[in-house]
Amino acid sequence: MKIVLIGSGNVATVLGRLIIKNGHTVTHVISPHIENAGILAEELKCTYSHCKQPIVPDCDLVILSVSDSGLDNIYANVKSWNKPVVHTSGSVSIEILKKYADVYGVLYPLQTLRKEMTTIPEIPFLVDGSTDEMYKFIDEFAKTLSPHVKRANDDERSKLHLAAVISSNFTNYMYKIAEQFCNDEGVDFAMLHPLILETAQRATLFSPADVQTGPAIRKDIQTLDKHLRLLNPYPKLRTTYLRITDSIMNP
């Protein structure tokens with residue numbers, strides 16, 4: 001399949017690599033950031049242009065991989081191409097594409113993606129289409145990229161996107177503040193790496209509710225009190241600790 005990518009950031013870059021890896025072709029990259037478009041196009045061995053430059057692309061599908069706010073300003077000439085268009089957002093309605101294409105859909109990669117990745121991780125896709133025929137078209141394409149493909153409407157996709165933010169972005173923030181605490185206190189954050197990996201692995205094998213450990217779930221007041229004394233110099237972190245502890249103790 002021949003693909004035009006609109007966007008040159010993390011999602012567009014990784015999707016472009018995945019598309020090429022699985023035997024498809026990226027024919028053109030379009031971006032408001034022309035330098036980034038050029039870099040990605042060189043890697044994918046295709047042509048590129050600025051989003052304001054009128055073109056008539058050679059493609060079977062247009063993939064919009066821009067920021068959620070950027071979807072409100074989709075490039076005006078997309079409509080004239082008369083091509084199927086999908087966006088890759090977890091939180092934006094499929095209907096935003098209605099005025100830009102006759103047939104449209106969603107191809108949402110439920111994964112944290114960064115262009116610096118040296119290997120492409122396993123990527124589940126949530127897909128949808130404006131018609132049953134368009135859904136089948138996107139579903140078949142997605143299944144060439146991943147064995148994990150599921151249909152999800154706007155409501156289902158938004159809920160899974162929220163769950164993804166909590167389980168990935170929030171968790172990474174906790175790693176960040178734990179690392180900062182270790183650095184400030186002169187202890188080695190790297191000693192926690194095996195624990196981090198084991199906790200993540202366990203969450204994929206069991207319900208997290210069934211494998212919760214730590215002083216809060218045990219209601220170990222003595223240890224909790226000791227931790228709070230250690231956190232006296234860090235009032236913001238102390239507040240975070242108290243709130244999460246309360247949530248664990250009082251679900």
Next on the checklist: Charges at C-beta only: +1 for Lys and Arg, -1 for Asp and Glu. How large is the resulting dipole of region 158-249 about its Cα centre, in Debye rounded to 20?
Outcome noted: 300
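So, with +1 on the Cβ of K and R and -1 on the Cβ of D and E, and no other charges, what is the size of the charge dipole of region 83-215 about its Cα centre, to the nearest 20 debye?
Working: 13 positive and 18 negative charges, 76 e Å.
Dipole magnitude for region 83-215 comes out near 360 debye.
Roughly how many debye, to the nearest 20, is the charge dipole of the chain about its Cα centre, given +1 on each Lys and Arg Cβ, -1 on each Asp and Glu Cβ, and no other charges?
Working: 26 positive and 28 negative charges, 38 e Å.
Computed charge dipole of the chain: roughly 180 debye.
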Checklist entry - I166 label point, 7 Å along Cα→Cβ, cut-off 20 Å on backbone N: hits in region 192-217? => result 199-214, 216-217
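Please give the FRET efficiency for Y175 paired with K21, using the beta carbon to beta carbon distance and R0 = 45 Å, rounded to the nearest 0.05.
On the way: r = 29 Å, r/R0 = 0.65.
That gives a FRET efficiency of 0.95.
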Checklist entry - What does a probe at N10 reach in region 35-65, counting residues whose amide N is under 18 Å from the point 7 Å along Cα→Cβ? => result 36-37, 40, 64-65
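Figure the gain on full extension for D132 and M191 (residue separation times 0.36 nm, minus the Cα-Cα span) and round it to one decimal in nm. Don't skip to the end; give the middle numbers.
Numbers: separation 59, 0.36 × 59 = 21.24 nm, distance 5.09 nm.
So the extension gain works out to 16.2 nm.
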Checklist entry - Which FRET efficiency value, to the nearest 0.05, do you get for E35 and R238 by plugging their Cβ-Cβ distance into 1/(1 + (r/R0)^6) with R0 = 45 Å? => result 0.50
Checklist entry - In the set (1) 62, 35, 26; (2) 68, 37, 31; (3) 60, 41, 27, which value of Cα extents along the principal axes in Å was calculated from the structure you see? => result (2)
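Of the trypsin sites (Lys or Arg not before Pro) in region 212-247, which ones lie in a loop per DSSP and count no more than 16 other C-beta atoms within 10 Å? Mind showing how you got there, number by number?
Details: sites: R218, K219, K226, R229, K236, R238, R243; in loops: K219.
For trypsin sites (Lys or Arg not before Pro) across region 212-247 that sit outside H, G, I, E and B with at most 16 neighbouring Cβ atoms in 10 Å, the list reads K219.
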Item to check | P(r) weight above 16 Å for region 158-249, C-alpha pairs, percent | outcome: 65
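Is region 1-137 best put as rounded, prolate or oblate by its Cα gyration tensor, with a ≥ b ≥ c the root eigenvalues, rounded for a/c under 1.5, and otherwise prolate when a/b is larger than b/c, oblate when not? Numbers along the way, then the final one.
Working: a/c = 1.43, a/b = 1.11, b/c = 1.28.
It is rounded, given that a/c, with a ≥ b ≥ c, falls under 1.5.
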Next on the checklist: What distance in nm separates the two pseudo spin-label positions at D60 and K45, each 7 Å out from Cα along the beta-carbon direction?
Outcome noted: 1.8
Next on the checklist: Can you compute the modelled spin-label distance between E122 and M249, with each label point 7 Å from Cα toward Cβ, in nm?
Outcome noted: 3.7
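Read the figures in this text as sums done on the coordinates, not as results from a lab. This structure is a prediction, so every number in the text was calculated from the model and none was measured. Heads up, the Cβs are rebuilt from the backbone with ideal geometry, glycines too, and the neighbour counts pull from every protein chain shown.
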